[in-house]
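> Take this structure first; my questions come after.
The values are calculated or read from the model by the stated rules, or taken from the named source; none is laboratory data. Just so we're clear, the structure is a prediction, and the values are computed from it rather than from any experiment. When we count neighbours, we look across all protein chains shown, and the Cβ atoms used for this are built from the backbone with ideal geometry, even at glycine. These area figures cover heavy atoms from the full protein model, side chains too; ligands, DNA and RNA do not enter into them. Shrake-Rupley method; radii C 1.70, N 1.55, O 1.52, S 1.80 Å.
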Amino acid sequence: MEGQILVISTIVFVCFIILLLCFLFIRKKIKNTYEKMAQRLEVEKNKVLSTPVPLELSKIEPIIKNDMMEEKYNEWNEKFTTIKEKNILLIDDILIELDSSLEKRDYKKCIEQIAQAELEICKAREKSNYLLEQIKDITLSEEKYRSIITKLKTKYRKLNSSYQNHKNLYDDMQEAVELQLENIEKKFLDFEKVMEANDYIEVVKIVKALDAMIDHMAIVVEEMPDLLLMAKQLIPKRIKEIDDTVKAMEKEEYSLEYLNIDYNIEESQKNVDGILDKIKVLNLTDCMFELKTILDYLDSLFVDFEKERLSRKVFEEIEKDFSKKLNKTNKIVEDIYNQLDDIKNMYDLEENDIKIIHDVKKVLMVINDDYANLMKKLENLSAPYSMLHKEIEDLMLRLRKMEEDLDISLKSLGNMYDDELRAREQLNDIEHFLKESKNKMRSYKLPIISDIYFVELKEANEAMAEVIKELERKPIVIKTLNTRVDTARDLVLKLYHTTNEMVKTAILAEKSIVYGNRFRAYYKEVDEGISQAEDYFYKGEYKKSLDLVLKTCSIADEGIYRKMLALYDK
């Protein structure tokens with residue numbers, strides 16, 4: 001038991017020692033971290049303090065030749081003194097407090113002081129760097145601006161050379177251009193003067209002015225010849241061409257008022273004059289764009305002129321066809337309308353057919369009125385051909401649509417008329433077949449005519465009478481008429497077929513009996529069969545008679561049927 005207690009006590013003691021060592025290690029680690037931060041802040045402070053502002057200020061002392069430069073020197077010196085005596089001292093105080101907090105191990109306060117120190121160091125660094133840049137603008141000015149001026153002189157020489165080589169293109173603007181070039185040369189001389197006086201503040205202004213003037217003149221030298229060409233030659237030439245074209249087209253009776261040419265040309269000329277005034281003072285802002293816009297407008301007028309010429313050509317072609325078609329349609333509709341009462345009396349028209357004719361008449365009247373108004377516009381020159389072209393195309397489309405509706409009505413009337421003619425023609429055919437049937441029946445003296453013939457004859461006569469009745473009816477109901485004609489045709493053809501079959505059968509039966517008589521003396525069966533066939537024949541049963549005689553005679557002559565057919569065909 002005592003051994004176990006000793007072991008446990010040892011373990012507890014060892015754990016305690018380990019925890020204690022860990023605590024001491026962590027605390028030392030934290031302290032070292034904050035001490036390193038304090039050392040880094042001290043280094044950053046020293047970097048700010050070691051900014052070479054005094055060295056750069058010492059370079060300025062020998063070149064102070066005017067009150068402005070001296071004033072700037074004193075101002076910069078005072079600002080650097082403020083940084084050292086105010087900002088740096090404040091940072092020192094914060095760092096001293098930070099050291100004190102580290103000794104006391106007040107790490108919460110250390111964090112606040114480190115953040116505050118970093119902020120102040122950043123402010124001091126920004127101030128000193130900005131101050132150094134301002135001073136270097138002066139100390140490095142001569143080398144810096146000499147280099148810039150050299151480049152500007154090279155650029156100017158190229159610019160001046162370009163102008164001199166094409167001087168004739170600048171017309172009456174030469175004096176203004178040369179005056180501005182002289183101003184640039186004077187600025188170069190001013191630069192030398194202020195450099196000798198070490199007035200670097202003025203140097204900056206002159207360099208900026210030279211850069212802006214040369215850039216501006218580069219645009220002037222490059223664009224002015226084109227601007228003068230457009231403003232003094234191209235645009236006036238276009239305006240003259242437009243004026244001549246307008247006069248010629250108006251002489252040819254074109255209506256161009258919708259283009260508002262006079263007003264637009266006047267405004268364009270005003271804009272050109274305004275642009276020339278701007279060019280005289282070398283203000284080329286938007287001049288190129290405005291002149292190109294004017295040129296584009298003038299060029300677009302020629303497109304409009306060509307469009308009018310083409311529209312006139314197309315209009316005249318369409319109008320010629322339209323006029324012919326309209327006159328033809330007017331005549332057709334007028335004729336139909338004048339005969340409408342007679343047509344209604346002649347045929348049993350549907351309400352829709354009549355309505356279509358009335359609607360077509362109304363639409364045609366509107367088209368005629370619109371066409372008359374169109375021709376008035378043409379006569380009065382109150383509308384351009386581009387508009388007339390569209391209107392005549394619209395009228396043509398409306399007329400075609402109306403003709404489609406008219407065709408539907410005419411087709412319906414035409415079908416009725418055709419059906420009537422067809423019915424009359426078929427009635428003649430039916431009468432012919434009926435007459436043929438009667439003649440054929442009369443041409444052969446049959447002992448007896450069967451009842452079926454008279455029944456079919458009666459039906460055919462009644463059907464024909466119905467057809468004649470429908471044709472004489474006013475108005476004619478075409479649907480009923482067609483039904484009557486079909487019925488009559490079928491019945492007469494049926495009668496015609498019955499007549500032919502009856503006569504053919506009777507003839508063959510009679511000829512077969514006559515042919516078979518030669519075998520009666522030799523064959524008893526033939527004699528008996530023929531006698532029976534004769535009885536059938538005189539009773540009007542010709543089919544039975546023929547079948548019996550052929551069957552009986554085939555005993556003596558197997559080819560009798562073929563011989564009888566050949567004899568009948570002769």
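> Taking all protein chains in place and a 1.4 Å probe, what share, in percent, of the accessible surface of segment 168-274 do carbon and sulfur account for?
Working: 2880 of 5960 Å².
Its accessible area is 48 percent carbon and sulfur atoms.
> At a Förster radius of 51 Å, what calculated FRET efficiency corresponds to the Cβ-Cβ distance of Thr150 and Glu267, to the nearest 0.05? Before the final figure, lay out the partial values.
On the way: r = 48 Å, r/R0 = 0.95.
Once the sixth-power term is evaluated, E becomes 0.60.
> Per residue, how much accessible surface does segment 356-401 expose to a 1.4 Å probe? Answer in Å², no decimals.
Details: 2570 Å² over 46 residues.
For segment 356-401, the per-residue accessible area is 56 Å².
> Now for a different question. So what's segment 259-315 giving for Cα Rg divided by 2.2 N^0.38 Å, two decimals?
Values: Rg = 15.1 Å, N = 57, 2.2 N^0.38 = 10.2 Å.
Normalised Rg, Cα atoms only: 1.48.
> I need the P(r) histogram for segment 231-294: all alpha carbon pairs, bin width 10 Å from 0 out to the longest distance, whole percents.
20, 45, 24, 10, 2
> Return the distance in nm (one decimal) between the two label points of a simple spin-label model at Ile332 and Tyr444, each offset 7 Å from Cα along Cα→Cβ.
Those two pseudo-labels are separated by 5.5 nm.
> Another question, if that's okay. What's the FRET efficiency of Lys186 with His216 using the Cβ-Cβ distance as r and R₀ = 22 Å, to the nearest 0.05? Kindly include the intermediate steps, with their values, before the conclusion.
Values: r = 15 Å, r/R0 = 0.70.
Efficiency, rounded to the nearest 0.05: 0.90.
> Work out, step by step, the length gained on full extension between His166 and Asn32: first 0.36 nm times the residue separation, then minus their alpha carbon distance; give nm to one decimal. Can you show the working numbers first?
Details: separation 134, 0.36 × 134 = 48.24 nm, distance 7.82 nm.
Between His166 and Asn32, full extension yields an extra 40.4 nm.
> So with the 1.4 Å probe, I'd like the accessible area per residue for segment 154-238, rounded to whole Å². Walk me through the intermediate numbers first.
Details: 4590 Å² over 85 residues.
Per-residue accessible area for segment 154-238 comes out at 54 Å².
> What's the extension gain from Asn373 to Leu89 if we count 0.36 nm per residue and subtract their Cα-Cα distance?
Working: separation 284, 0.36 × 284 = 102.24 nm, distance 9.96 nm.
That works out to 92.3 nm of additional length.
> Here is a follow-up. Please work out the FRET efficiency for the pair Ala115 and Ile17, using the Cβ-Cβ distance as r and a Förster radius of 35 Å; give the result to the nearest 0.05. Please report the intermediate quantities before stating the final value.
On the way: r = 37 Å, r/R0 = 1.07.
According to the calculation, E is roughly 0.40.
> Going down the table (Lys438/Lys543; Lys153/Lys237; Lys237/Lys376; Lys187/Lys278; Lys270/Lys313), which pairs top 29 Å between alpha carbons? Write out the running numbers ahead of the final one.
Working: Lys438/Lys543 20 Å; Lys153/Lys237 40 Å; Lys237/Lys376 36 Å; Lys187/Lys278 24 Å; Lys270/Lys313 36 Å.
Table pairs above 29 Å Cα-Cα are Lys153/Lys237; Lys237/Lys376; Lys270/Lys313.
> Relative to a virtual label point 7 Å from the Cα of Asp296 in the Cα→beta-carbon direction, which members of segment 269-290 show backbone nitrogen distances below 11 Å?
Counting backbone N atoms under 11 Å from the label point, the list is 289-290.
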